[in-house]
Every structure is written in C-alpha cells, then in structure tokens.
Amino acid sequence: MKYRKLGNTGLMVSEIGFGGEWMERHIEKEVIEVIHHAEEKGINIIDCWMSEPNVRSNIGKGIKGNRKHWIIQGHLGSTWQNGQYVRTRELNIVKAAFEDLLERLGTDYIDLGMIHYVDDEKEYGKALNGEFYDYVTSLRDKGAIRHIGMSTHNPAIARKAAESGKIEMLLFSINPAFDIQPASEDLNDYFKDDFDSSLGGITEERSELYRICEKNGIGITVMKGFAGGRLFRAETSPFKAALTPLQCIHYALTRPAVSSILIGYDTIEQVDEAVRYEIAEECEKDYASVLANAPKHAYSGDCTYCGHCAPCPKKIDIAMVNKLYDLALMQKSVPLSLKEHYRNLSASGKDCIECHQCESRCPFKVKIASRMKEADKLFSS
C-alpha cells in the first residue's frame, strides 16, 4: 500500500481508503471481518458519516485493539433522530451525536472532524460561522478532534472553504462523470490559454478547485468515486462505455490535492479488488482511452445512494428504493429477489406522500417523489 500526505495535516493516509457507508447493511461479524481484512491490506483511513447506532458500534468493534492504526473521519452534524439520519446544526443534538460517535467507536478522539455536508451558501453560513464553528474549534483545542475538515459535493462551496483558512481538508465527490467536460466540436475550446491538458478536460470550476487545494495544502479525500456503480456498465455510463474500478480509482488519485479515495466495501473480495490497484499494470488503470471520445453527459438527476435525502416523514429508505429500482431497470425483467427485497422494506415507494422535502436536500437534484411512484409501480406489477 502506498501512502500520501493529507494536505498540511501531517497525516499519511493510504491511497485506498474505506468508506464505511455500506457497513450499515451488515451484521457485526461481517463488519469486523471486512475491517480486519482492510487493515491487513494496509488501509488506514476510514470514514464514518453514518449516524445509525449499530453501524457505529460495529465499526468500533472492528477497530478495537488497533485504534492507533486508523485515521478516522467522523462527522459533526450527522445525527440519529426518531430512527433516521438527520443533518442538523442544532448544537445540543450535534454534541450528543458526537459523544455517541466517540463512545461507540471506542475512542476519545477523532482524527478528522468533518463539518458534515455543506452544499450551499445558507448551510455554509450556519456551519462555518457562529456557534457551530466555535464548537468545532473547541473540540480541536481540547484534542477531541485533531484536524478540521468539511464534506461537500459543490465545487463552489468547496473552493470557498479551501480559501477560508477554516478547514484543513475536504471530503469531495470526484469521478469522471462529475468532472469531465463534454466533447466539443469547436477545436478552439481545446487550445484556450488556460486549458490544462494534464487534467483531462475537467470543467474549469473543478480544475481550479483542485489547484487551489494543492496550493493551500488542503488535502482531499474522495467520495462517490464510482458514481454509485453506474460507471461500470456501458448502459448506465454517460460515456456509453464501461470503466473498471481500477480506472475510476486511478482517475481520482491523479487529481491534484487528492490523497485517498474512500471506497465502500461489502466483502473482503471487494477490498482485494480495490487494493490490487497498487500492483496493477498501467494499461489496466488507463481511463483516457474510454474518455477520449466521451459524449455530452450530465449526472444531475441521477441518484448515487448517498442518503442525504433523509429524513423522510414516512421513514422510507429512499436510497435503498432508488438502488433497487435502478438495479431492476438494468434487467430485461424484474428479478423475484429484487421484488422480495422491495416488499420487505418497512416503508417503500407506495408510502411517499410527495412532500418533496427530500428533494430540497438532494445534492444531485433527483426527482425523488416521481421515482418513488415509478419504483412502486414497477415492483408491484
């Protein structure tokens, strides 16, 4: 495993990291097994943005006995209320959730205290000014967190934070579909004075963000590196050609300022597949040949199963309904196993009351209410 400096934090993180989100779907034994295997393979950074109590406890059991090996990204503002994840800046709730995180992970400090999910100006004001930010800095001052970071999907907000002097690193969504400019018929576009061919045609807003982070020593850890798995299939890829996990990993790790890509794992085999990046041939990592003739594309409107749409007043697991729906659409006919999984959900698309609260929180502008109706129609047929 290779390790990189995380900006100016002084931390050395594994290039291949661990996004803990998928561990929510697993029992304690399976979580411990995957975490131990990742540790054996040299992975040393793990993100726990999830507020669900069981997954926090299970991760804590997975790192027990070797806490010093792990660099933990723990999130401030991700809370568990009435059986659901809720993003909030209400300090009494945030403080209780942070204490819960420490207790369940079995630690007295978090390496990277992440200001959780800041995607617009209003949230930025709440999170990086006033009493919320004062609380975050107080945690750093007393050693409960060692460094201050922030998670966002919005490059404009990421840039503002990177230039503010208030954070030390970012958790940011990076993959070719989010980054690359559509192919242009105007060759002049490729000969602009400020066009950086080494960045592979990234939109100016995002390439400038990466440059600023590199210049200011703001390290980046990567989320959404696989775009929810859509990049692995030609049918769902905006490039109309499939990329491999190794190509997606390589893409993220070749962006300026990026230190680690955090990958969600279900099995030890998936860990092995990811860490094989370190010994893979260059031809296996090459994404340029796939992207060279990329058609016009956009990812706005497509669910990446991030869960930020929660909470739902009817307690629908929106991310799971969307995932099952997308999996079903990839098949010629809906598999019975998917129908059974959908029917066993405690709340599903049929329970949607079309309040649209979830849509206001979605970073990718998914039309969730209509998808809930479409999903229920598909699985009920």
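The values are calculated or read from the model by the stated rules, or taken from the named source; none is laboratory data. Because the structure is a prediction, the values reported are computed rather than measured. Please note: Cβ atoms are built from the backbone with ideal geometry, for glycine as well, and neighbour counts cover all protein chains shown. Accessible surface areas use protein heavy atoms only, side chains included; no ligands, DNA or RNA. Shrake-Rupley method; radii C 1.70, N 1.55, O 1.52, S 1.80 Å.
Solvent-accessible area assigned to carbon and sulfur over the range 300-381 amounts to 51 percent, based on a 1.4 Å probe. Sorting Leu112, Leu11 by solvent-accessible area of protein heavy atoms yields Leu11, Leu112, largest first, with a 1.4 Å probe. The residues of the range 92-152 present an accessible area of 41 Å² per residue when probed at 1.4 Å with all protein chains retained.
Our estimate of slack between Lys2 and Thr137, defined as 0.36 nm per intervening residue step minus the Cα-Cα distance, is 45.5 nm.
Where the alpha-carbon atoms of the chain are placed on the principal axes, they occupy 55, 54, 42 Å, in descending order.
Normalised by the number of residues in the range 317-378, the average gap of Cα pairs under 8 Å and 6 or more apart makes the relative contact order 40 percent. In this structure Arg25 has an accessible area near 100 Å², from a 1.4 Å probe over the protein heavy atoms.
The range 101-120 and the range 1-60 have Cα centres separated by 13 Å.
Ignoring any ligand, DNA or RNA, what whole percent of the accessible area of the range 1-57 comes from carbon and sulfur when the probe is 1.4 angstrom? It is 47 percent, rounded to a whole number.
Given R0 = 41 Å, the distance between the Cβ atoms of Lys122 and Glu40 translates into a calculated FRET efficiency of 0.40. Note on the chain: GNM, Cα springs under 10 Å; of Ala127, Ala369, Ala161, the largest mean-square fluctuation is that of Ala369. The slack between Lys29 and Ser346, meaning 0.36 nm per residue of separation minus the straight C-alpha distance, is 111.7 nm.
A Gaussian network model of the chain, with springs between Cα atoms under 10 Å, assigns the largest mean-square fluctuation among Ser337, Ser151, Ser173 to Ser337.
Each peptide in 75-81, 43-49, 119-125 gets a packing score, the mean of other Cβ atoms within 10 Å over its residues, and the list from highest to lowest is 43-49, 75-81, 119-125. Length gained on full extension, Val86 to Glu281, computed as 0.36 nm times the residue gap minus the Cα-Cα distance: 65.9 nm.
Normalising the average separation of contacting C-alpha pairs (under 8 angstrom, six or more residues apart) by the number of residues puts the relative contact order of the chain at 16 percent. Label zone of Ser381 (point 7 Å out along Cα→Cβ, amide N under 11 Å): in the range 315-349 this covers 329, 333-334. At an R0 of 25 angstrom, the distance between the Cβ atoms of Ile212 and Ala288 translates into a FRET efficiency of 0.55.
The fraction of all Cα pairs in the range 36-80 landing in successive 10 Å bins from 0 to the largest distance is 26, 55, 18, 1, given as whole percents. Once both labels are positioned 7 Å from their Cα atoms along Cα-to-Cβ, the gap between Ile93 and Leu327 label points is 3.0 nm.
For the residue pairs Lys122/Lys365; Lys64/Lys166; Lys240/Lys315; Lys41/Lys339; Lys29/Lys126, the alpha carbons lie more than 29 Å apart in Lys64/Lys166; Lys240/Lys315; Lys41/Lys339; Lys29/Lys126. A Cβ-based charge dipole, computed about the Cα centre of the chain with Lys and Arg at +1 and Asp and Glu at -1, lands at about 800 debye. Taking every DSSP helix (H) stretch of at least 4 residues in the chain, weighting each as -39,500 (n - 2.57) and dividing the sum by the residue count yields a mean residue ellipticity at 222 nm of -11000 deg cm²/dmol.
Most simply put, the range 1-139 has about 40% antiparallel DSSP beta bridges, counting only bridges with both residues inside it.
As a test, work out the antiparallel percent of DSSP beta bridges whose residues both lie in the chain, rounded to the nearest 5. That works out to approximately 20 percent antiparallel. Counting only Cα atoms, the size of the range 26-107 along its three principal axes is 39, 23, 16 Å, in decreasing order. Could you estimate the translational diffusion coefficient of the range 13-160 from the Stokes-Einstein equation, with Rh from the Kirkwood formula over C-alpha pairs, at 4 °C and 1.567 mPa s, in whole µm²/s? Translational diffusion coefficient: 83 µm²/s. Computed over the alpha-carbon atoms, the range 76-150 gives an Rg to Rh ratio of 0.94, Rh here being the Kirkwood radius from the mean inverse distance.
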